[in-house]
1. Between residue 206 and residue 128, what is the label-point separation in nm under the 7 Å Cα-to-beta-carbon projection?
2. All other residues with a Cβ under 14 Å from the Cβ of residue 82 taken together, and with Lys, Arg as +1 and Asp, Glu as -1, what is their net charge?
3. Roughly how many debye, to the nearest 20, is the charge dipole of the range 98-181 about its Cα centre, given +1 on each Lys and Arg Cβ, -1 on each Asp and Glu Cβ, and no other charges?
4. Around residue 37, with a cut-off of 13 angstrom between Cβ atoms, what is the net charge of the other residues, counting Lys and Arg +1 and Asp and Glu -1?
5. Please report 161, 206, 196, 170 as a ranked list, fewest other C-beta atoms within 10 angstrom at the top and most at the bottom.
6. Return one number: the angle in degrees, 0 to 90 and rounded to the nearest 10, between the long axis of the Cα atoms of helix 46-75 and the longest principal axis of the Cα atoms of the chain.
7. Label-point separation (nm) for residue 191 and residue 110, each offset 7 Å from Cα along Cα-to-Cβ?
8. Taking other Cβ within 10 Å of each residue's Cβ, how do 154, 72, 79 sort, fewest first?
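We did not get these values from a lab; they are worked out from the coordinates using the rules stated. If you're wondering where the values come from, they're calculated on a predicted model, not measured in any experiment. All Cβ positions, even for glycine, are placed from backbone atoms using ideal geometry, and neighbour counts span all protein chains on display.
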Amino acid sequence: MIANRFISPLDQLIVGFDKALRVVGGVAASSRPNPAAHAVDSELDEREARHSAGLMRVNHVGEVCAQALYDSQARHAMSPQMRQQFEEAGREEEDHLAWTAQRLSELGSQPSVFNPLWYAGAYAMGTVAAKLGDANSLGFVVETERQVEAHLNSHLDLLPVQDAKSRAIVEQMRVDEIAHGAAAQALGAAEMPVPVKLAMKAFAKVMTTTAYYV
């Protein structure tokens, strides 16, 4: 049997930096089939394609932030159980990252140019939440997923009806986000204070408004 190799702080820093570069660079691989694979690819006019691309760019930015959040929360988790929970959720979120990136490419568009900024901000927020203890870190996840679910529901209303591929991706993302929030709640999440919830909404508003265009 091969003993587990000790991972030094420097090794952890290098691994984390490598992951950050891959995420902001749009390099992601999904472990599950893309839910859009069997959706009918209907014709979109230029305005509809641009609108769908803007919404999917917003969703892609959300997944960039999710990678940063779950990575920072796993890294600073107080217990192995919490670390495993965050790592597993992060792997599912990487599917979303890959799916939204692929859809952006199909729509002739590209990810947000501000992805490094969004990643850094989300990583900082996740670190602060984790340092406040596992219950607060889980509470941060619950509130994040609650806001993301509402955001995805609005996208299902805003996406062109005939854009079945984008809609299939968003619907599966919505199902996964609900599950992540429920799992965090079951593990003993603390309720986030109202000021924190409002601050999270404000950050999300700036991010989504900007990412729709660039």
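1. 1.1
2. -1
3. With only Lys, Arg, Asp and Glu charged at Cβ, the dipole is about 180 debye.
4. 0
5. Numbers: 161 8, 206 12, 196 16, 170 28.
Result, fewest neighbours first: 161, 206, 196, 170.
6. Computed tilt is about 10 degrees.
7. Output for this residue pair reads 4.6 nm.
8. On the way: 154 13, 72 23, 79 10.
Starting with the residue having the fewest Cβ neighbours, the order is 79, 154, 72.
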